[in-house]
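Novice: Handing you a structure now.
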Amino acid sequence: MKGKELGEYQFVKSIGGWVYVGRIAKETEDELWIAPSCIVRKWGTNWGLGQLAITGRQEETVLDSLGLAKVQKRLVISEICCKSDIWEKTIEEDWSSRNVDMSLSWESKYQIVVAERGWVYVGLRSENKGDSIYLEHAIVLRKWGTEWGLGQLCFTGPTEKSEIDYLGERIRIKKGMTVKTLSCNDEIWEEAMSKYGVHT
């Protein structure tokens with residue numbers, strides 16, 4: 001069954017404890033494209049994800065705005081239909097509360113690549129070739145330093161608390177070790193990378 005056959009808005013539960021909620025924008029052979037999306041950091045329910053799917057966000061539910069996410073299907077455990085009208089409004093309200101420019105593009109030059117074992121890379125999208133993803137002028141985020149997760153990095157760039165290590169002009173990441181890729185605000189990341197001596 002294709003993702004959209006389950007409903008436009010879904011909860012997607014994946015290996016590693018990640019729980020996404022958002023609109024299934026596209027489904028490829030390898031990925032679910034979710035946008036707009038949030039990470040459910042804390043369920044805040046009495047009877048699990050089903051309660052969120054059916055009745056919406058609870059008082060103690062904590063969401064982290066994520067943006068445009070491409071999630072590896074091989075890691076997906078389950079997809080749960082949810083009330084699209086409720087969750088479209090909920091995600092819109094969550095995004096609006098961040099008070100930042102939340103406009104992103106699937107074709108952004110800068111991408112965050114989250115890999116197995118907690119590795120988080122950021123760099124210029126070069127190419128996807130064979131079983132690999134290539135990034136140019138890449139960094140690794142040793143410490144996120146965020147208040148609302150990886151999405152904050154996508155939209156606002158690294159914070160004062162972020163810890164970053166420069167990796168070099170070009171790196172290769174095996175697709176089989178990739179958890180998800182996230183689109184970033186190019187203008188903000190261009191400026192941020194220049195502060196670390198990276199000029200593209």
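Novice: If each DSSP helix of 4+ residues adds -39,500 (n - 2.57) and the sum is divided by the residues in the chain, what number results at 222 nm, nearest 500 deg cm²/dmol?
Specialist: Taken over the chain, the calculation gives -5500 deg cm²/dmol.
Novice: Taking 0.36 nm per residue of separation and subtracting the Cα-Cα distance, what length does fully extending Asn99 through Lys195 add?
Specialist: 32.2 nm
Novice: Let me make sure I get this right: for the chain, a, b and c are the square roots of the gyration tensor eigenvalues over alpha carbons, sorted descending. Under 1.5 in a/c it's rounded, otherwise prolate if a/b > b/c, else oblate. Which is it?
Specialist: Taking the square roots of the gyration eigenvalues as a ≥ b ≥ c, the chain is prolate.
Novice: If you don't mind, another one. What residues of segment 162-195 lie in the reach of a label at Asp131, counting those whose backbone N is under 18 Å from a point 7 Å from the Cα along Cα→Cβ?
Specialist: The answer is 172-180, whose backbone nitrogens lie closer than 18 Å to the label point.
Novice: Oh, and also: In whole Å, what is the distance between the alpha-carbon centres of segment 81-122 and segment 31-72?
Specialist: 11
Novice: Please report the relative contact order for segment 3-96, taking Cα pairs under 8 Å with a sequence separation of at least 6, and give it as a percent rounded to a whole number.
Specialist: Answer for segment 3-96 is 35 percent.
Novice: For the pair Asp30 and Glu169, how long in nm is the line joining their label points, each one 7 Å along Cα→Cβ?
Specialist: It is 2.6 nm.
Novice: Under a point spin-label approximation (7 Å from Cα along Cα-to-Cβ), what is the Glu59-Glu92 distance to one decimal in nm?
Specialist: Label-label distance for Glu59 and Glu92, simple model: 2.6 nm.
Novice: Mind checking the dipole of the chain: about its Cα centre, +1 per Lys or Arg Cβ, -1 per Asp or Glu Cβ, Debye to the nearest 20?
Specialist: Computed about the Cα centre, the dipole is about 640 debye.
Just so you know, all these numbers are worked out from the coordinates, no wet-lab data involved. Model, not experiment: these values are computed from the prediction. Please note: Cβ atoms are built from the backbone with ideal geometry, for glycine as well, and neighbour counts cover all protein chains shown.
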